[in-house]
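Worksheet for the structure shown next.
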Amino acid sequence: MITQLTCANHGKFIFGASFQTFLILIMIGCGQMAFSQYYILGRGLDENEQPYAFATAELRGEGVFHQQTCTELGVFRFENLKSGSYEVVLITPYGIRRKKVELRGSIDVTLHIPRNIEINEISVVAKRAGVNEPVTHDNLSKADLLANNTGQDMPYLLEGSPSLVVTSDAGHGIGYTGLRIRGTDPTRINVTLNGIPVNDAESHNVFWVDLPDIAGSTTNVQIQRGIGWSQPGAGDLGGGIHLNTLAFHYEPYVLAEFGVGSFDTKNASLNLGSGLLKGRFTLDGRGSFIQSQGFIDRASSEMYSLYGSLGYHHDLTNVRFIYAHGDELTYQSWNGVPEQYVFNDSLRSFNTAGIEKSIGDPHDNEVDDYRQTYYQLHVDQAITPFARWTNALHYTKGLGFFEQYKADQNLNEYGLNPNISDLIRRRWLDNHFYGFTSTIQIGSPLKRYLLIGGGWNKYRGNHFGQVIWIQDNPLNGPYNYYFNEAEKNDWNVFARSNTKITEKLGATVDLQGRWITYQFEGPDQNGTLTDQKVRHRFFNPKVGLSYTLSENSSLYALSGLMNKEPNRDDYVNSAPGSRPSSEKLWDNELGFRFAKGNFNAEIVGYYMDYADQLVPTGRLNDVGAYTRVNVERSHRAG
């Protein structure tokens, strides 16, 4: 199959769909010219002998550097050359090709060069499961996402994936949304953005509302069910979602989209990019705005999003800087609707948030107001034709609050004069999350390979509360009634190897170690708040087998252990004597895959055996969160 992309001012790139082989035909001048001058004539072709039109060709030698643009037929020519040693370099949308040439006379050379790793895969190739690897997963392309993208949050765009169900506080997929995989809640689903953790380091939750319209910049998504390969961040105890936004356009573009829908929903986005500049640089950006009133009463949302990417691509080095910012103002609707109201037309959209205000309408500012900004720097370097080194630095800044109207509060609990009164309070988060990841890959992900990597992440968070209004008792500005600092360090190292045991049988071994230190302020045995520290050391091994039955079918099996630390609420709602233990999962998967043409089928059986799983007791704390305790044994199967 041949795909064509129109190129601004130039013509067309023409390339094959698989790109497993890249062919350069180089014909060296057919005779020695006057003054010992030669020429090099070459073409850039794929495995189907289709040309890479308008690729950049370079010739390098001692004191020699020439550069030119290939023709529409992928042809380049360097003339008036002396005999000697040269290197031909061809820069294509799918990587860099290079070949040393000894110019001594008439030479006719045909080169078959394996495909390099695609630029849009840098930094994430080590984190994801290959198509035929023994991990239960789905891959969604950009086309899959665009077909469903109407401004709803990412969970709703993933809804068709097996064993995945979605939830929406507002009732229509905009604002606070969540998902479960095989019944596993969001705090146990590891989410990464270009290989960088997205889960909050303390709550382990993912707040998709802080990434409005991230689908507009996403190239592809991998959804993993059960345990997958080693990832940074909180351990996955049932699933993983890995977003990749590192692709870019090779030609300039501008795309504007506008939409309106039910519940007074409006959305607008603008995407634009420079294309490949001078064969080296790319600049891409997006701005989005989403607004909706929601199905549930007062469940309004107003969200802004910015995304930018700056890339440098030269020879075997690729560098990308990523900026993603989300800003949301959402009226709280996270209490849910009582089950007995669901089938009552007059009550099915009832919202309890804000109704503690007894006089007049519900509190008009019972909102969640939060903004989060991601900075990422990715560097991908080819060390040899068979080895790559990928590194990433990241920093995430979060700041915001949620506001509540609380009736009949004992002001003594807020450090104020003993009295009973209504008040309005805000609970703030001011946090920083930063670190690095590094991975060396030796070999091909399609054949035998060895991955060695690791990283370090640090979280620093300030939790503080303010009283901003008291009934019949004016305040001179906000009053701070608590302040709590927390810090978390997370080191991880891993190694993964894939090898062929026989022509049809392959094996993958994945080993990970994690070292965690968490410092926080929590109650001691007497209930007094004190500074506390906990440490965890985890070893997470996994072994997988894959067996090829035929050209179109295969079997795979995976068995592995995963450990995960408790979250912040588990610690601050308990004393050292009642502190919960870490959770453990032993997952066993057995699957059959069949693919032929556009038809794909997969049958999977799994048994997920948990030890010390943390489950809700049914009791709520004063902000509506469930308290949890360890259960000795539990399982999920299907």
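The values are calculated or read from the model by the stated rules, or taken from the named source; none is laboratory data. Just so it is clear, the structure is predicted and the values come from calculations on it, not from any experiment. As a convention, Cβ positions derive from the backbone with ideal geometry for all residues, glycine included, and neighbour counts pool all protein chains shown. Heads up: the accessible areas ignore ligands, DNA and RNA and are worked out on the full protein's heavy atoms, side chains in. Shrake-Rupley method; radii C 1.70, N 1.55, O 1.52, S 1.80 Å.
Here is how the numbers come out for the structure above:
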| item | result |
| --- | --- |
| Verdict on ARG371 being surrounded by 15 or more Cβ atoms within 10 Å (Cβ to Cβ), within 23 Å of the chain's Cα centre (by Cα), among the charged types (D, E, K, R) and within 26 Å of ARG425 (Cβ to Cβ) | yes |
| Residue satisfying all of: in segment 414-443; open to solvent by less than 40 Å² (accessible area, probe 1.4 Å) and not in a strand (DSSP E or B); farthest from ASP368 (Cα to Cα) among these | LEU416 |
| Single unsatisfied condition, LEU505 versus (1) at pLDDT 90 or above; (2) touching a Gly at 6+ places or on another chain (Cβ under 9 Å); (3) over 19 Å from VAL198 (Cα atoms) | (2) |
| Residue within segment 111-128 that is open to solvent by 40 Å² or more (accessible area, probe 1.4 Å) and either modelled with pLDDT of 85 or more or assigned to a strand (DSSP E or B) (or both) present | yes |
| The listed residue being charged (D, E, K, R), buried (at least 16 other Cβ atoms within 10 Å of the Cβ) and at negative phi, out of LYS542, LYS504, LYS533, LYS500 | LYS542 |
| Any hit, segment 270-278, residues being part of a strand (DSSP E or B), more than 26 Å from GLN67 (Cα to Cα) and in contact with a helix residue (DSSP H, G or I) (Cβ under 8 Å, 6 or more places away or on another chain) | yes |
| Residue, nearest to TRP389 (Cα to Cα), within segment 296-340, restricted to residues that are in a strand (DSSP E or B), in contact with a Pro (Cβ under 9 Å, 6 or more places away or on another chain) and of a type in the set (D, E, K, R) | ASP327 |
| Unique match (being over 36 Å from the mean Cα position of the chain (by Cα) and among the small types (Gly, Ala, Ser)) among GLY506, GLY477 | GLY477 |
| Boolean, ARG225 is in contact with a strand residue (DSSP E or B) (Cβ under 9 Å, 6 or more places away or on another chain) and either closer than 23 Å to THR627 by Cα or surrounded by fewer than 24 Cβ atoms within 10 Å (Cβ to Cβ) (or both) | no |
| Condition check for SER203: open to solvent by 20 Å² or more (accessible area, probe 1.4 Å) and touching a residue at least 40 places away in the same chain (Cβ under 8 Å) | yes |
| Matching residues in segment 488-532 - criterion: being assigned to a loop (DSSP other than H, G, I, E, B) and either in contact with a strand residue (DSSP E or B) (Cβ under 9 Å, 6 or more places away or on another chain) or within 30 Å of GLN441 (Cα to Cα) (or both) | ILE501, THR502, GLU503, LYS504, ASP524 |
| Filter result (open to solvent by 20 Å² or more (accessible area, probe 1.4 Å), among the small types (Gly, Ala, Ser) and either under 27 Å from GLY171 (Cα atoms) or in contact (Cβ under 8 Å) with a residue 24 or more places away in the chain (or both)) within segment 267-307 | ALA268, GLY287, SER300 |
| Sole exception among (1) open to solvent by less than 60 Å² (accessible area, probe 1.4 Å); (2) more than 30 Å from the chain's Cα centre (by Cα); (3) farther than 27 Å from GLY455 by Cα for GLU521, by number | (3) |
| Any chance LEU393 is of a type in the set (A, V, I, L, M, F, W, C) and either under 21 Å from GLY354 (Cα atoms) or at pLDDT below 95 (or both) | no |
| Selection count where residues are in a strand (DSSP E or B), closer than 16 Å to GLY279 by Cβ and open to solvent by 10 Å² or more (accessible area, probe 1.4 Å), scope segment 70-92 | 1 |
| Among residues of segment 506-543, those that are under 13 Å from LYS564 (Cα atoms) and free of Cβ contacts under 8 Å to residues at least 24 places away in the same chain, counted | 1 |
| Single residue of segment 444-457 satisfying the filter (without any contact (Cβ under 8 Å) to a residue 60 or more places away in the chain and open to solvent by less than 30 Å² (accessible area, probe 1.4 Å)) that is farthest from the chain's Cα centre (by Cα) | TYR449 |
| In segment 271-303, the residues that are over 30 Å from ASN351 (Cα atoms) and among the aromatic types (Phe, Trp, Tyr) | PHE281 |
| Residue ID - nearest to LYS564 (Cα to Cα), chosen from residues in segment 168-188 that are more than 17 Å from the chain's Cα centre (by Cα) and open to solvent by 10 Å² or more (accessible area, probe 1.4 Å) | ASP185 |
| Selected residue (criterion: surrounded by the fewest Cβ atoms within 10 Å (Cβ to Cβ)) from residues of segment 317-346 that are small (Gly, Ala, Ser) and at pLDDT below 90 | SER346 |
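This table checks each residue for (1) over 19 Å from ARG280 (Cβ atoms); (2) among the small types (Gly, Ala, Ser); (3) modelled with pLDDT under 60.
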position	(1), (2), (3)
MET27	yes, no, yes
GLN32	yes, no, yes
ALA53	no, yes, no
GLU58	no, no, no
GLY74	yes, yes, no
PHE78	yes, no, no
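Yes/no per residue for (1) part of a loop (DSSP other than H, G, I, E, B); (2) of a type in the set (D, E, K, R); (3) under 23 Å from GLU589 (Cα atoms); (4) in contact (Cβ under 8 Å) with a residue 40 or more places away in the chain:
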position: PRO134; (1), (2), (3), (4): yes, no, yes, yes
position: THR150; (1), (2), (3), (4): yes, no, no, yes
position: TYR156; (1), (2), (3), (4): no, no, no, no
position: GLU159; (1), (2), (3), (4): yes, yes, yes, no
position: GLY216; (1), (2), (3), (4): no, no, no, yes
position: ILE223; (1), (2), (3), (4): no, no, yes, yes
position: ASP236; (1), (2), (3), (4): yes, yes, yes, yes
